[in-house]
1. Which whole-number percentage describes the relative contact order of region 42-136, with Cα contacts under 8 Å and a sequence gap of 6 or more?
2. What GluC sites (Glu not before Pro) in region 53-151 are in a loop by DSSP, with at most 15 other Cβ atoms within 10 Å of the Cβ?
3. Quick check on region 1-95: take the gyration tensor over C-alpha atoms, sort the square-rooted eigenvalues as a ≥ b ≥ c, and tell me if it's rounded (a/c under 1.5), prolate or oblate.
4. Divide, for region 101-178, the radius of gyration over alpha carbons by 2.2 N^0.38 Å, where N is the residue count.
5. Calculate, in nm to one decimal, what Leu153 and Ser128 gain on full extension: separation in residues at 0.36 nm each, minus their alpha carbon distance.
6. May I ask you to give the solvent-accessible area per residue for the chain, in square angstrom, as obtained with a 1.4 angstrom probe?
7. Can you compute the FRET efficiency between Ser76 and Ser161 using 1/(1 + (r/R0)^6), with r the Cβ-Cβ distance and R0 = 35 Å? Round to the nearest 0.05.
8. So, in nm, how far is label Thr24 from label Ser104 when the simple model puts each one 7 Å beyond its Cα toward the Cβ?
Amino acid sequence: DARAAVSHGPALCTAHYAGITSSTAIAVSSAVLTSMTLQAESTSLIAGSTAQVTAVGMFSNGISETLTSGVVFSSSNVAVATVTSAGVVTAVSSGSAIITAVSSGIVSTMQVDVTSAVLTSMTLESESTSLVAGATTQVTAVGLFSSGITQVLTSDVVYTSSNAAVATVSSAGVVTAV
């Protein structure tokens, strides 16, 4: 944790050389959050989709890190987009919403735009198209929408195999060579 100090409080640093001594007081404290930015997989979403928003904090000691606790997220327009306490944004309906994160009194915002685009085409992407018996690969359905946005399709996708004696496919898109 960028904020952690091993110990807090005052210390006296003393140097001795050739019979001469000099001292100075040192104060040790934890680093404090000085600013925060929000990062997202995408800020242009299609109604019904989700995106993870991550808060990245910059601290007084120069370290930046992802904030995994102590962040409160909110949406300016829950009719357009909602956000969970973990930063998962769900696109509800067309429009714009401001996602706000607050941590240690520091506030950061990002705009999310939601469209009600329709799916115009779909492709399947695969880690591998050549398997040996017993091996697996993941296939992913990627949709192209009327708004020009491409997005991985995660819900309501039904995967099937034309020959289950050769290869099966799970509901999650995992292909197994038989």
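1. 27 percent
2. In loop regions of region 53-151 (DSSP not H, G, I, E or B), the sparsely surrounded GluC sites (Glu not before Pro) are Glu127.
3. The shape class here is prolate.
4. The value comes to 1.60.
5. Extra length available between Leu153 and Ser128 comes to 7.1 nm.
6. On a per-residue basis, the chain sits at 59 Å².
7. 0.20
8. In this crude label model, Thr24 to Ser104 measures out at 2.5 nm.
The values are calculated or read from the model by the stated rules, or taken from the named source; none is laboratory data. Just so you know, these numbers come straight off a predicted model, no measurement behind them. Quick reminder, even Gly has a Cβ in these numbers, built from the backbone with ideal geometry, and neighbours come from all protein chains shown. Please note that ligands, DNA and RNA were not included when accessible areas were found on the heavy atoms of the full protein model with its side chains. Shrake-Rupley method; radii C 1.70, N 1.55, O 1.52, S 1.80 Å.
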